[in-house]
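Everything below concerns the one structure shown next.
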Amino acid sequence: MKQINIIIADDHLMFLEGINTILQAMPEIANVHLATEGKQVLRLLKQFEIDLVISDINMPKMDGVALLKEIKKKHSEVKIIMLSMLDNHLTVHKIIQKGADGFVPKFTSKKELQKAVRTVINNESYFSESIKQRYMESVFERKKYQNIELSPREKEVLKLLSEELTSKEISEQLFISVNTVETHRKNILLKTGAKTTTGAVKYAIESGLFDD
């Protein structure tokens with residue numbers, strides 16, 4: 001039996017130790033390295049031959065989404081399973097679109113976690129049933145907005161509005177007049193059917209407009 005080397009990343013030490021105990025009981029696993037943040041994972045990937053990374057999404061310095069993107073870019077042969085309490089459809093869609101090999105919620109059972117690991121190291125994807133449901137919800141949300149088209153400038157304005165910039169600040173950043181910013185804002189509300197800027201930002205998030 002070929003044994004594999006794993007990195008577990010989570011900034012909560014008790015949870016990290018718990019996952020470590022579960023994985024150490026698996027005969028398929030040779031070595032387990034522990035990390036408390038994303039940049040530490042990247043350092044370990046340079047030091048050791050790693051087959052699989054199991055990572056939380058919410059971590060300091062570099063979160064799991066950024067870590068996933070970096071691993072797929074620089075260590076494409078390494079598999080990655082995401083763990084998180086945040087299983088809302090927006091998070092799930094982003095994780096799957098960025099190429100995660102697996103995704104299970106933190107409240108999963110020991111048995112399912114081990115199943116996820118075995119599935120992924122056998123070159124298959126593994127997503128919990130709750131994760132699959134959230135993904136379908138994300139697809140549905142995006143379909144609601146597929147006929148809405150914002151211009152490149154309207155997207156820029158909406159992105160800056162989501163960062164809570166005022167019309168004056170946006171005009172200075174984009175080198176356009178305040179009146180032009182207000183015109184773009186009104187057009188955004190009209191196209192999205194939103195009554196407020198907050199509603200328009202909600203549309204942008206749910207439609208994936210702000211996805212990297």
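For the chain, what does -39500 (n - 2.57) per DSSP helix run (n ≥ 4), summed and divided by total residues, give at 222 nm, in deg cm²/dmol to the nearest 500?
-16500 deg cm²/dmol
Need one number: the % of Cα-Cα pairs in the stretch 152-207 sitting beyond the 13 Å mark.
53 percent
Out of LYS79, LYS69, LYS195, any idea which swings most in a Gaussian network model of the chain, alpha carbons joined below 10 Å?
Sorting by GNM fluctuation, first place goes to LYS195.
Take the chain, connect every pair of alpha-carbon atoms lying under 10 Å apart with a spring to form a Gaussian network, then pick out the residue of ILE29, ILE188, ILE176 with the largest mean-square fluctuation.
Maximum fluctuation in the GNM of the chain, among the listed residues, is at ILE176.
Under a point-charge model restricted to the Cβ atoms of Lys and Arg (+1) and Asp and Glu (-1), what is the dipole moment magnitude of the stretch 152-207 relative to its Cα centre, in debye to the nearest 20?
With only Lys, Arg, Asp and Glu charged at Cβ, the dipole is about 260 debye.
Quick one: net charge around LEU165, please, counting Lys, Arg +1 and Asp, Glu -1 for every other residue with C-beta under 10 Å from its C-beta.
Its environment carries a net charge of -2.
As I understand it, the value is the acute angle between the Cα axis of helix 178-192 and the longest principal axis of the Cα atoms of the chain; what does it come to in degrees, rounded to 10?
60 degrees
Excluding same-chain residues fewer than 8 positions from LYS74, which lysines have a Cα within less than 26 Å of its Cα?
LYS2, LYS39, LYS46, LYS61, LYS94, LYS98
Values in this text are rule-based calculations from the coordinates and carry no lab data. A quick note: this is a predicted structure, and the numbers were derived from the prediction, not measured. Please note: Cβ atoms are built from the backbone with ideal geometry, for glycine as well, and neighbour counts cover all protein chains shown.
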